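Remarks on the structure that follows.
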Amino acid sequence: MPATFDPKKTRISVPSVFRSALALHGTLDLIGRRSSHSPCIEVWPKAVFDAQVKARTEHLDPFGRDFEKTMRKLVAHAHPLLPDAEGRMVLPKELIEKAGLEGDAVVSGRHNHFQIWSLKNWEAALAEDEEEEDA
């Protein structure tokens, strides 16, 4: 879904369809983080993000090296986000740079979160997917 990122104000408007879906969670408290797999920003409802972190770490010794490494991977680049009344979110510089946001953007839904892509990176990912399908 197309979206516009305002580089001067470092904010993006969350499309209304995503705001409606977030409202079903009963809160607009969000977590933004760098994607581990793609040049984009993942945006999670905070409760869903917290549950994912817990599921990935509850079997680990909280004083062990694996716990520390896993926590760094999951939360080191996580940022709290809160849309305003019009659905606009100010994004941290680190996330903006990771996603290469400059103006035109794409918001893409996932099962329990959504992603924010620069239009350029989104189109490149789609082209790469098509090349893999054709191979």
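The values are calculated or read from the model by the stated rules, or taken from the named source; none is laboratory data. Everything quoted here is computed from the prediction, not taken from an experiment. Every residue, glycine as well, gets a Cβ built from its backbone with ideal geometry; the counts of neighbours run over all protein chains shown.
Figures for the structure shown
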{"quantity": "Selected residue (criterion: surrounded by the most Cβ atoms within 10 Å (Cβ to Cβ)) from residues of segment 23-51 that are of a type in the set (A, V, I, L, M) and touching a residue at least 24 places away in the same chain (Cβ under 8 Å)", "calculated": "41"}
{"quantity": "Qualifying helices (runs of 4 or more DSSP H) (wholly inside segment 14-120; at least 3 residues being modelled with pLDDT of 90 or more)", "calculated": "46-57, 65-75, 93-99"}
{"quantity": "Test result for residue 16, of a type in the set (S, T, N, Q) and within 13 Å of the chain's Cα centre (by Cα)", "calculated": "no"}
{"quantity": "Residue check, residue 46 basic (Lys, Arg) and within 16 Å of the chain's Cα centre (by Cα)", "calculated": "yes"}
{"quantity": "Single residue of segment 1-22 satisfying the filter (closer than 20 Å to residue 98 by Cβ and among the charged types (D, E, K, R)) that is surrounded by the most Cβ atoms within 10 Å (Cβ to Cβ)", "calculated": "11"}
{"quantity": "Odd one out for residue 114, checked against (1) hydrophobic (A, V, I, L, M, F, W, C); (2) surrounded by fewer than 15 Cβ atoms within 10 Å (Cβ to Cβ); (3) under 26 Å from residue 21 (Cβ atoms)", "calculated": "(2)"}
{"quantity": "Failed condition for residue 8, given (1) touching a residue at least 12 places away in the same chain (Cβ under 8 Å); (2) of a type outside the set (S, T, N, Q); (3) part of a loop (DSSP other than H, G, I, E, B)", "calculated": "(1)"}
{"quantity": "Residue among 94, 123 that alone is without any contact (Cβ under 8 Å) to a residue 12 or more places away in the chain, loosely packed, with under 15 Cβ neighbours inside 10 Å and charged (D, E, K, R)", "calculated": "123"}
